[in-house]
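Bear in mind these aren't lab numbers, they're just calculated from the coordinates by the rules spelled out. Keep in mind that what you see is a predicted model, and the values were worked out from it rather than measured. All Cβ positions, even for glycine, are placed from backbone atoms using ideal geometry, and neighbour counts span all protein chains on display.
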Amino acid sequence: MAPSSSSLSFFLIILLACIIGSTAACYTAIFGFGDSLTDAGNLIHLETDGSVPHMYYPPYGETFFGHPTGRCSDGRVILDLIAEYYGLAIPPPSLSRKAQTGGDNIQQGVNFAVVGSRALPAEFYEKLDIYDTVTNVSMNDQLHAFQDMIPSLCNSPSDCKNLLENSLFVLGEFGGNDYTHSLLSGKNISVIQPFIPIVARAIAEGAHKLIELGARTVMVPSVLPLGCAASYLTYYPSPNIEDYDDLGCLIWVNNMASYHNQLLQKELNLLRERHPYANIIYTDIFNAAMQIYDGPETLGFSGGALKACCGGGGPYNFNPDLQCGNVGATSCLDPSTFVNWDGYHLTETAYILITNSLLDGSYTYPRMNTLCPVNAKVAQL
Ligand SMILES: *[C@@H]1O[C@H](CO)[C@@H](O)[C@H](O)[C@H]1NC(C)=O
Ligand SMILES: *[C@@H]1O[C@H](CO)[C@@H](O)[C@H](O)[C@H]1NC(C)=O
């Protein structure tokens, strides 16, 4: 009996090794697209006049990396954390010299996101007299940049097919700037509401393009609860208490975000019918973030959820004329006790909480953890 029981345990060990091996190789690469929630250092390469945007100055990057990288946070952003969770290298910004010349492990992934980027092209908005003061790079520009890079990612048609099939694509978040820059251009909600369906459809169309190229797994994030952001709360203060929910967030702004998210889910449902073999994953960062806004203190955010850690003062420590990174702005001592980093963006600690609740399946549809089970959690600080 002894030999058979030891060969059985040998068999089990091999089986276990295969399972661990296959989950570790769940995705062989990760490709990200989006805006300032995702950009890891692309924006500076687009500044033709050599100017250095405020997120390239300390204290950006102080918690992780130890220096500014161009990420709009004190550390890693959600895409970085997803990459780490699946055992992949943190994807480099696509416009870095190294990525452009085929270096920096680009076969394991690349980050195409650009601060300020919108789902729809600048031409659409210019007709409405709406301008993005940060960038004109749209979602489609990023998708084209990915397409142009494919030849340096793989060697043969079958190699490229494998790469695309086994990669995780994270398309967004997109949409936030489509609305934010419209509001900042002086347009009100009655001008914006009618084009929200166009934005939602464009994002689904972007996912369709990736699937047509050969992608099998595409995460499509919602927009965040923008009405809880220090920036929005500062730009649109209201004397009417009814304009705020019981967490202190602006109801009309969160309604706008929820409307976008509803339409996006409808579009993704239609897309799943067109591509039954693709994993199209609605990624609900709105509600993943909302669970933090719901009870920040119980999660260790003693600084609260609404006030920015880093900024130029005011009730929410946000001042568009004195942004985080500018000389004269101040920063909290411990960013891990704040949800909001700089007015628009969240701290790494908030991103870690959000990422964990996406990857354990709670806020992804279908649930991420059943598609590709990995037991580890994103490391806490
Ligand atoms: C976007 O493009 C328009 C012209 O179409 C230009 O006037 C504007 O300066 C550009 N904005 C940025 C941020 O590059
Ligand atoms: C919104 O803007 C439009 C166009 O500028 C204007 O006609 C309308 O009165 C505005 N609505 C509100 C509620 O301010």
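Ser238 meets all of the listed conditions (1) small (Gly, Ala, Ser); (2) closer than 19 Å to Val339 by Cβ; (3) free of Cβ contacts under 8 Å to residues at least 24 places away in the same chain but one, namely (2). Cys228 meets all of the listed conditions (1) out of contact with any Cys (no Cβ under 8 Å at 6 or more places or on another chain); (2) crowded, with 16+ Cβ neighbours inside 10 Å but one, namely (1).
Taking helices (runs of 4 or more DSSP H) as the structural unit, those lying wholly within segment 146-236 and holding at least 1 residues that are more than 16 Å from ligand 2 (Cβ to nearest atom) correspond to 157-165, 176-184, 196-213, 230-235. Only one entry of Leu210, Leu168 meets the criterion of being surrounded by 15 or more Cβ atoms within 10 Å (Cβ to Cβ), touching a Ser or Thr at 6+ places or on another chain (Cβ under 6 Å) and under 15 Å from Ile281 (Cα atoms), and that entry is Leu168.
Residue selection: Asp104 fails the criterion of being touching a residue at least 40 places away in the same chain (Cβ under 8 Å), buried (at least 17 other Cβ atoms within 10 Å of the Cβ), within 22 Å of the chain's Cα centre (by Cα) and not in a helix (DSSP H, G or I).
Of the residues screened, Ile192 is one that is in contact with a Ser or Thr (Cβ under 6 Å, 6 or more places away or on another chain), in contact (Cβ under 8 Å) with a residue 60 or more places away in the chain and under 30 Å from Asn317 (Cβ atoms).
Selection within segment 107-123: residues that are touching a residue at least 60 places away in the same chain (Cβ under 8 Å) and assigned to a helix (DSSP H, G or I). The member of this set that is farthest from ligand 2 (Cβ to nearest atom) is Gln107. Just wondering, is there one or more residues in segment 158-170 that are among the hydrophobic types (A, V, I, L, M, F, W, C), within 16 Å of ligand 1 (Cβ to nearest atom) and either within 19 Å of Arg71 (Cβ to Cβ) or in contact (Cβ under 8 Å) with a residue 40 or more places away in the chain (or both)? No, there is no match, as no residue in segment 158-170 is among the hydrophobic types (A, V, I, L, M, F, W, C), within 16 Å of ligand 1 (Cβ to nearest atom) and either within 19 Å of Arg71 (Cβ to Cβ) or in contact (Cβ under 8 Å) with a residue 40 or more places away in the chain (or both).
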